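Everything below concerns the one structure shown next.
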Amino acid sequence: METIFIQIASYRDPELIPTIDNLLKNADYPDRLVLCIAHQYSEDDKWDSLEKYADDSRFIIIEIPHEESLGACWARNQIQQHYNNETYTLQLDSHHRFVKGWDTMCISMLKKLQIKGHKKPLLTSYIPSYNPSNDPQDRHRKPWGMSFDRFTPEGVVFFMPYHMEAYVNEPVKARFYSAHFAFTLGIFCKEVPHDPLFYFHGEEITIGVRAFTWGYDLFHPHKVIAWHEYTREGRKKHWDDDQNWGMKNERAHSRTRQLLGVDGDVCSPCNKKSFEGFNIGTDRSIKDYEKYAGIRFKDRAITDDCIKNVMPPGKTDAVFNAKFKHTIDLSKDYFIEKDIEFAALIFEDAKNNTINRQDITMDELQPYLNQNNKNFTLMREYDGVRPNHWVLWPFSKSKGWLEKRVFNV
């Protein structure tokens with residue numbers, strides 16, 4: 001009998017029980033499911049009880065007081081330790097809805113890919129959204145894929161969803177991995193387990209690369225299998241409760257750079273041992289992944305095909321271009337004069353040489369100055385290397401150049 005090991009890490013989520021109930025209700029074979037839940041709970045949340053499943057033999061519930069949790073990746077690692085040779089595995093978040101027969105659909109897609117020669121296919125994506133307060137009316141009805149967005153200043157790759165074409169009639173080759181929907185062979189839990197020292201950022205790009213190097217072929221489902229709730233409105237997040245979450249996240253940033261070689265970073269001999277069990281596979285190399293995806297880690301370079309979301313694999317002779325995209329955090333306090341004409345925004349290297357300059361005009365700035373919020377963000381992007389820092393230098397009509405501020409990237 002083919003079974004599915006369901007992985008759900010939940011953190012104080014009022015959508016957990018509706019998600020479980022909907023998953024079971026819409027499965028063709030609910031008796032073939034094993035649901036392992038890392039239940040990170042608070043005694044204050046009286047609604048957050050899994051007692052109704054306590055005597056259900058399909059459930060493995062790991063009860064974790066929320067103050068003892070070390071984050072999402074740590075919780076997912078706890079779950080994977082309970083894998084017991086189930087045929088398949090499906091990793092989810094705790095806020096989903098499902099189509100009727102989702103389990104049969106997933107298995108059927110996977111088997112068809114295997115028939116086509118993909119020994120270890122992996123179905124994954126940023127799946128379409130639903131709105132708990134207006135469900136099912138607000139469900140998006142077309143499948144979504146994942147495309148490249150940017151490198152963060154810390155060296156983590158971020159993605160964005162895109163709407164797949166309606167005429168697609170089979171799973172689409174994918175560059176990237178989503179942690180909130182991943183269906184594949186059960187052995188994935190052993191071969192590509194979650195690194196418990198990760199926190200949040202870096203999880204998806206490192207799992208995606210590791211999976212590829214372990215011989216897994218990534219695909220986006222061509223049909224809607226489930227929906228995901230993206231806003232997290234009204235829900236406590238781990239970083240709301242953990243005052244030290246920033247330190248954990250920075251450790252994840254460092255491990256991401258070391259594992260993938262971002263900016264030429266490499267593991268020192270003493271650090272390398274800490275990746276045992278969570279390392280790159282041997283079926284393919286990181287360079288193989290970079291060629292396939294069109295993204296190069298050592299200099300944060302990407303190909304035109306990756307930018308344009310052309311289906312992989314990438315071309316052998318593809319040109320990699322360094323691209324920098326950064327969110328600029330600003331405050332109204334930087335623009336106190338009433339007659340500011342513009343603000344110079346300059347990206348510089350470590351020797352203060354200009355790499356790129358994209359000034360902020362008053363037409364761009366004024367809407368933010370008129371809003372109630374004191375802080376706001378702008379996005380800047382250019383073709384070129386990562387800067388060491390950026391400079392903000394406003395110009396006033398009456399007072400000339402105002403205070404120059406320098407911000408590290």
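Each value in this text was obtained by applying a stated rule to the coordinates, not by laboratory testing. Everything numeric in this text was worked out from a predicted model, so none of it was measured. Don't worry about glycine lacking a Cβ; one is built from the backbone with ideal geometry, like all the others, and counts go over all protein chains shown.
Remarks
- Sum of side-chain charges, residue 126 neighbourhood, beta-carbon under 13 Å (Lys, Arg +1; Asp, Glu -1): -2
- Between the range 275-343 and the range 360-409, the alpha-carbon center distance in angstrom: 22 Å
- Gyration tensor over alpha-carbon atoms, the range 4-228, equivalent ellipsoid semi-axes in Å: 25, 20, 19
- Judged by the mean number of other Cβ atoms found within 10 Å, the most tightly packed of the peptides 278-285, 118-125, 399-406 leads the ranking 118-125, 278-285, 399-406.
- Percent of alpha-carbon pairs separated by more than 39 Å within the chain: 24 percent
- In terms of other Cβ atoms within 10 Å, 316, 231, 256 run from fewest to most in the order 316, 231, 256.
- Among 126-137, 197-208, the peptide with the highest mean count of other Cβ atoms within 10 Å heads the list, and the full ranking is 197-208, 126-137.
- Added length on full extension, which subtracts the Cα-Cα distance from 0.36 nm per residue, residue 82 to residue 266: 63.0 nm
- Burial ranking of peptide ranges 173-184, 236-247 (average Cβ count within 10 Å, highest at the top): 173-184, 236-247
- About its Cα centre, the chain has a charge dipole of approximately 1300 debye under the convention of +1 per Lys or Arg Cβ and -1 per Asp or Glu Cβ, with nothing else charged.
- Amide H to amide H distances under 5 Å link residue 129 with 140, 228, where only residues 5 or more positions off or on other chains count and H is placed in the peptide plane.
- Here the range 4-228 is assigned +1 on the Cβ of each Lys and Arg and -1 on the Cβ of each Asp and Glu. Its dipole about the Cα centre then comes out at about 1340 debye.
- Ordering 6, 295, 393 by the projection of their Cα atoms onto the charge dipole of the chain, which places +1 on the Cβ of Lys and Arg and -1 on the Cβ of Asp and Glu, puts 295 at the extreme positive end.
- The value of relative contact order for the chain, using C-alpha pairs under 8 Å at least six residues apart, is 14 percent.
- Relative to its Kirkwood radius, the Cα radius of gyration of the range 323-408 gives an Rg/Rh of 0.96.
- Near residue 182, the amide H atoms lying under 5 Å from its own belong to 91; only residues 5 or more places off or on other chains count, and H is placed 1.01 Å from N.
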